[in-house]
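In what follows, a single structure is set out as structure tokens and then discussed.
The values are calculated or read from the model by the stated rules, or taken from the named source; none is laboratory data. Since this is a predicted model, take the numbers as computed values, not measurements. Backbone-built Cβ (ideal geometry, glycine too); neighbour counts: all protein chains shown.
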Amino acid sequence: MDHKKVALEVIDAIGKDNMLAVAHCATRLRFVLKDDQNIDQAKLDGSVDIKGTFKTNGQYQIIIGPGDVNNVYDEIIKITGLSGASTEDLKKIASEGQKVNPIMAFIKLLSDIFVPIIPALVAGGLLMALNNFLTSKGLFGSQALVESIPAIKGISDMIQVMSAAPFIFLPILVGMSAAKRFGANRFLGAAVGMIMTTPGLVDGKYWDIFGMHVAQANYQYQVIPVLAAVYILSILEKWLHKRLPAAVDFTFTPLISLMVTGFLTFVVVGPVMRELSDAITYGIVWIYDTFGFIGTGIFGMLYSPIVLTGLHQSFPAIETQLITSYAQNHSGSGDFIFLVASMANVAQAAACFAIFTLTKDKKVKGLASSATVSACLGITEPAMFGVNLKYKFPFFCALIGSGIGAALAGLFHVVAVSLGSAAFLGFLSIQASSVPMYLICELITFAVAFALTYLYGKSHNAQVNPQTTTVNESVAVKSNQAPVVTTQEFKIAAPVSGEVKDLKQVADPVFSSKAMGDGAAVVPSENEIYAPADGEITVVYETKHAYGIKTTDGAEILLHLGIDTVNLKGEGFNTEVKVGQQVKQGDKLGTMDLGALKEKGYDTTVMVIVTNTMDFANVALSGPNPIKHGQELLSLTR
């Protein structure tokens, strides 16, 4: 790669005067810009050296790749005269440069609180869905499975208990997450949730306190009351920390904070917030019941544009209320928002797949293929931002398909009873009796979005293939002989022991979309990192969170330790190798302190990426799960 040439391409496309600050991590250039609208996106998309672009958290990011990104960054600094910044500095600059929108700030607040607890709700919800399969009549004959196979009743009862627990004690989960977000002690936040759900509370009974009759209300399944209670806790705790001497702060701040918060919760906050929570839930259900399939159809058409604004980040708070309402008495509307999201995601996948079938551009085809799979599993950002919005018409064709599918699902009252993967795998979260219709609606959505995109793209080929070439066809005509193909197979070992994950499951769109290349991920169970193959160390970042290795077989491997761990500036990492050093498979490269990273809230997943994937006919997972370091993880075929 000509690093200066790429730097000039980036500067020309973005504009020197448009740049406020720039930093880089192991794979990406990260910019804070004056105006995102002044970017020549087509120029960046047309560069063979740029693997993709996206915007997040006020930053415009350009994917370059390991070993090259730091050199391109250096050239940009030289040419523009900008001061170098760390990724943490960049976050501060981005946040300061953005106008504070109260609505978006509130949505981000909800997102910060609910996203960390979604795995627990998904697990509980899917257990609930499994129990529905076991106990619902009409799915496997006139009798439910537990009736026709009495031996599984005990299992069903156990699953019922496990599925209910995350929702019954939801205030504890919300309390802990909200406390972290509000800057309070997380365990005090959890304690507030425990106080509000303790079995000692009995609805209908009262405490007599100074002449007041305070209801012993139990707030199981509730969300809004505990959010308000923990917010009050955070204010009290911070106030007391500032005013109490250190000698008594440790003992009396938790005592006073918890006692005052608990009193206010039962006397005022809980009752008021419970009424508000019920009103919101009933209001949403009323809208669904009143507008029916017309409402879900309109919502289906609007869902993807809502995702572009980020407003969808507030939906988990609403969905949790709908699901817990269903979980309490197995009645109510259930979660129709999940249903709409599933249709929208599948529609974007279909439109992206249509572009895959139409384009002759290898770069677009490669991105579209991986983005389609990702969207079919519920992650649509690569499809929307990388493909559909680039051509525009696929995005709008997907909106039509989504609207039709959501309307049909609304017409037949298909709803979810748990959170999960909002796409084809979403059937696991759907009310058992509605699963067949859900799948039919998904297929109709996919077919409509694909057909509209394909037909429009076919009739407007210049939009999809602006610079078609017949070089390959000419070669084919000249050669009447079948090519002789030889293959070689290489093995890449696991650099760390742990649980193997498909790359598409990684919580970073750059890796999950495979924009950097194909590979695998390992959730590590040990601190030591080892060389996955014989080769030369090409990259060791100052932050020690990533390594580049060129193997003796010609594979270029990126080991990325954790997600966003560049922000730690090397804290928690240690390295024992340097650039240019020859290593053997199994040699120790360094360590990562898993305990410290988890304590700071970082995802410790280790990504193993073949950055020159295009040089191989196939890159496939081939090892056991769980895996030990040194065991075969990837199989490469050239």
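Consider Val583 carefully, then state whether it is more than 28 Å from the chain's Cα centre (by Cα) and β-branched (Val, Ile, Thr). Even if it seems obvious, please write down each step before you answer.
Values: more than 28 Å from the chain's Cα centre (by Cα): yes; β-branched (Val, Ile, Thr): yes.
Here the answer is yes, as Val583 does meet what is asked.
Check whether at least one residue in the stretch 325-340 is small (Gly, Ala, Ser), modelled with pLDDT of 75 or more, in contact with a Ser or Thr (Cβ under 8 Å, 6 or more places away or on another chain) and within 20 Å of Ser429 (Cβ to Cβ), and report yes or no. Write out each step before concluding.
Filtering the stretch 325-340 for residues small (Gly, Ala, Ser) gives 325, 327, 331-334.
Then keep just the ones that are modelled with pLDDT of 75 or more; that gives 334.
Then drop every residue that is not in contact with a Ser or Thr (Cβ under 8 Å, 6 or more places away or on another chain), which leaves none.
Within the stretch 325-340, none of the residues are small (Gly, Ala, Ser), modelled with pLDDT of 75 or more, in contact with a Ser or Thr (Cβ under 8 Å, 6 or more places away or on another chain) and within 20 Å of Ser429 (Cβ to Cβ).
Under 6 Å between Cβ atoms, which residue pairs at least 6 apart in sequence (or on different chains) link something in the stretch 379-406 that is touching a residue at least 12 places away in the same chain (Cβ under 8 Å) and over 29 Å from Phe291 (Cβ atoms) with a partner that is part of a helix (DSSP H, G or I) and of a type in the set (Lys, Arg)?
The qualifying pairs do not exist here.
For the stretch 569-595: of the residues being touching a helix residue (DSSP H, G or I) at 6+ places or on another chain (Cβ under 9 Å) and free of Cβ contacts under 8 Å to residues at least 60 places away in the same chain, which is nearest to Thr613 (Cα to Cα)?
My answer is Phe573.
Checking Phe450 against (1) at pLDDT 85 or above; (2) within 20 Å of Ala123 (Cβ to Cβ), which single condition isn't satisfied?
Of the numbered conditions (1) at pLDDT 85 or above; (2) within 20 Å of Ala123 (Cβ to Cβ), the odd one out for Phe450 is (2).
What is the number of the single condition among (1) of a type outside the set (Lys, Arg); (2) part of a helix (DSSP H, G or I); (3) in contact with an Asp or Glu (Cβ under 9 Å, 6 or more places away or on another chain) that Ala184 does not meet?
Tallying (1) of a type outside the set (Lys, Arg); (2) part of a helix (DSSP H, G or I); (3) in contact with an Asp or Glu (Cβ under 9 Å, 6 or more places away or on another chain), Ala184 fails exactly one: (2).
For the stretch 412-426: of the residues being part of a helix (DSSP H, G or I) and at pLDDT below 85, which is surrounded by the fewest Cβ atoms within 10 Å (Cβ to Cβ)?
Going through the stretch 412-426, the residues part of a helix (DSSP H, G or I) turn out to be 424-426.
When the remaining residues are screened for being at pLDDT below 85, the result is 425-426.
Details: Leu425: 13, Gly426: 26.
Per the criteria, the residue is Leu425.
In the list His629, His560, which residue meets the criterion of being modelled with pLDDT of 90 or more and in contact with an Asp or Glu (Cβ under 8 Å, 6 or more places away or on another chain)? It would help to see each step written out before you state the result.
On the way: His560 fails: in contact with an Asp or Glu (Cβ under 8 Å, 6 or more places away or on another chain).
Criteria check complete, one pass: His629.
Look at Ser374 and say whether it is polar (S, T, N, Q), outside any helix (DSSP H, G or I) and either buried (at least 24 other Cβ atoms within 10 Å of the Cβ) or touching a Pro at 6+ places or on another chain (Cβ under 7 Å) (or both). Spell out the reasoning first.
On the way: polar (S, T, N, Q): yes; outside any helix (DSSP H, G or I): no; either buried (at least 24 other Cβ atoms within 10 Å of the Cβ) or touching a Pro at 6+ places or on another chain (Cβ under 7 Å) (or both): yes.
Taking the combined requirement at face value, the residue does not satisfy it.
Given the criterion within 25 Å of the chain's Cα centre (by Cα) and either in a helix (DSSP H, G or I) or of a type outside the set (S, T, N, Q) (or both), identify the matching residue among Asp17, Asp45.
Exactly one of Asp17, Asp45 is within 25 Å of the chain's Cα centre (by Cα) and either in a helix (DSSP H, G or I) or of a type outside the set (S, T, N, Q) (or both), namely Asp45.
Based on this model, can you work out whether Val566 counts as within 18 Å of Asn70 (Cβ to Cβ), touching a residue at least 40 places away in the same chain (Cβ under 8 Å) and surrounded by fewer than 22 Cβ atoms within 10 Å (Cβ to Cβ)? Spell out how you get there, then give the answer.
Working: within 18 Å of Asn70 (Cβ to Cβ): yes; touching a residue at least 40 places away in the same chain (Cβ under 8 Å): yes; surrounded by fewer than 22 Cβ atoms within 10 Å (Cβ to Cβ): no.
In short, no.
I'd like to check something: does the stretch 539-551 contain any residue that is surrounded by fewer than 19 Cβ atoms within 10 Å (Cβ to Cβ), under 22 Å from Asn70 (Cβ atoms) and modelled with pLDDT under 90?
Residues of the stretch 539-551 that are surrounded by fewer than 19 Cβ atoms within 10 Å (Cβ to Cβ), as a first pass: 542, 550.
The next check asks that each one be under 22 Å from Asn70 (Cβ atoms); those that pass are 542, 550.
When the remaining residues are screened for being modelled with pLDDT under 90, the result is 542.
Yes, that holds for at least one residue.
Return the total of residues in the stretch 193-219 being surrounded by fewer than 19 Cβ atoms within 10 Å (Cβ to Cβ), assigned to a loop (DSSP other than H, G, I, E, B) and in contact with a helix residue (DSSP H, G or I) (Cβ under 7 Å, 6 or more places away or on another chain).
As a first pass, look at the stretch 193-219 and keep what is surrounded by fewer than 19 Cβ atoms within 10 Å (Cβ to Cβ): 194, 198-216, 218.
Adding the requirement that they be assigned to a loop (DSSP other than H, G, I, E, B) leaves 198-205, 210-211, 216, 218.
Okay, now just the ones that are also in contact with a helix residue (DSSP H, G or I) (Cβ under 7 Å, 6 or more places away or on another chain), so 218.
So the count comes out to 1.
Here is a list: Ile298, Ile280. Which entry is at pLDDT below 80 and of a type outside the set (Asp, Glu)? Walk me through it before giving the result.
Numbers: Ile298 fails: at pLDDT below 80.
Selected residue: Ile280, the only one of Ile298, Ile280 that is at pLDDT below 80 and of a type outside the set (Asp, Glu).
In the stretch 221-242, what count of residues is obtained for those that are of a type in the set (D, E, K, R) and at pLDDT below 90?
Our first condition is that a residue be of a type in the set (D, E, K, R); within the stretch 221-242, this holds for 237-238, 242.
Narrowing the set further to residues that are at pLDDT below 90 leaves 242.
Counting residues in the stretch 221-242 that are of a type in the set (D, E, K, R) and at pLDDT below 90 gives 1.
Could you tell me whether Ile168 is surrounded by fewer than 22 Cβ atoms within 10 Å (Cβ to Cβ) and farther than 28 Å from Phe315 by Cα?
When the stated conditions are applied, Ile168 does not pass them.
If I ask for residues that are among the β-branched types (Val, Ile, Thr) and buried (at least 17 other Cβ atoms within 10 Å of the Cβ), which ones from the stretch 106-117 would you list? Steps first, answer last, please.
Just the residues of the stretch 106-117 that are among the β-branched types (Val, Ile, Thr), to begin with: 107, 113, 115, 117.
Within the stretch 106-117, Ile107, Ile113, Ile117 meet the criteria.
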